[in-house]
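Please treat every number below as a calculation from the coordinates, not as lab data. A quick note: this is a predicted structure, and the numbers were derived from the prediction, not measured. All Cβ positions, even for glycine, are placed from backbone atoms using ideal geometry, and neighbour counts span all protein chains on display.
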Amino acid sequence: MTNSLLPGEGAVGSYGELLKRGRRGDNLTPHHIPSNAFMTARVLSYTRDKGIAIMMEHLSPGMGGRHRQTLSYGKSPDLSLSPREVLAREVWDVRSIYRRQGLYTPAIRQSLQQVIQLNKSVWQGNFDKRRV
């Protein structure tokens, strides 16, 4: 784990776009928010490549990195939650990781806001407040 942001860390876009931007050895990986597993199970027209993601540190080869610290990394999704709840939870989680490490910069804050806005525009209706 590094104590500074890596070049390109915090970039936001579709998983497919970010994957193309990265290069072997850059120690970055696109992190789906909400997780790929959740979106696959809950959103009909969703595909892995179209999922909204943020570039996060992921040391390779090796262990560690901010991506591996996320709530959803390597875990099954909680399908009892709404897409809106999962989006909020996972944005909060990533924010917390960067805050703990003293790396929650205005750029990362803006990136997380962009993750929210992109999800709402690409997957319209899925993140609306539900009236009970």
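Can you give the Rg/Rh ratio of region 88-132, where Rg is from the C-alpha atoms and Rh is the Kirkwood radius? Rounded to two decimals, Rg/Rh equals 1.08.
Label zone (Ser45, point 7 Å along Cα-to-C-beta; backbone nitrogen cut-off 19 Å) within region 98-132: 116-129.
Rounded to the nearest 20 debye, the dipole size of region 12-122 about its Cα centre is 120 debye, using +1 on the Cβ of Lys and Arg and -1 on the Cβ of Asp and Glu. All distinct Cα pairs of region 38-102 go into the 1/r average, and the inverse of that average, the Kirkwood radius, is 13.2 Å. With respect to the chain, whose longest principal axis is taken over its alpha-carbon atoms, helix 106-122 is tilted by about 30°.
Where does the Debye-calculated log10 I(q)/I(0) of the chain sit at q = 0.16, 0.19, 0.22, 0.23 Å⁻¹, using only Cα point scatterers of equal weight, no solvent? Scattering profile of the chain, log10 relative to I(0): -0.76, -1.08, -1.43, -1.55. Distances between placed amide hydrogens fall under 5 Å for Gly13 paired with Ala53, all partners being 5 or more residues away or on another chain.
Estimated purely from DSSP H runs of n ≥ 4, each contributing -39500 (n - 2.57), the mean residue ellipticity at 222 nm for the chain is -11500 deg cm²/dmol once divided by its residues. Each of Gly22, Leu103, Leu87 was placed along the dipole of the chain (beta-carbon charges, centred on the mean Cα), and the one lying farthest toward the positive end is Leu87.
Could you tell me the relative contact order of region 12-122? Use alpha-carbon pairs under 8 Å, at least six residues apart, and round to a whole percent.
29
Taking the centroid of alpha carbons for each part, region 69-132 and region 1-34 are 16 Å apart.
To the nearest 10 degrees, how steeply does helix 83-100 sit against the main Cα axis of the chain, on a 0 to 90 scale? With rounding to tens, the tilt is 20 degrees. Protection proxy ranking, highest mean first, for peptides 50-63, 4-17: 50-63, 4-17, where packing is the per-residue count of other beta-carbon atoms within 10 Å, averaged. Using θ = phi - 60° in the Karplus curve 6.51 cos²θ - 1.76 cosθ + 1.60, the 3J(HN,Hα) couplings for region 10-18 round to x, 4, 10, x, 6, 4, x, 5, 5 Hz; x is entered for Gly and Pro.
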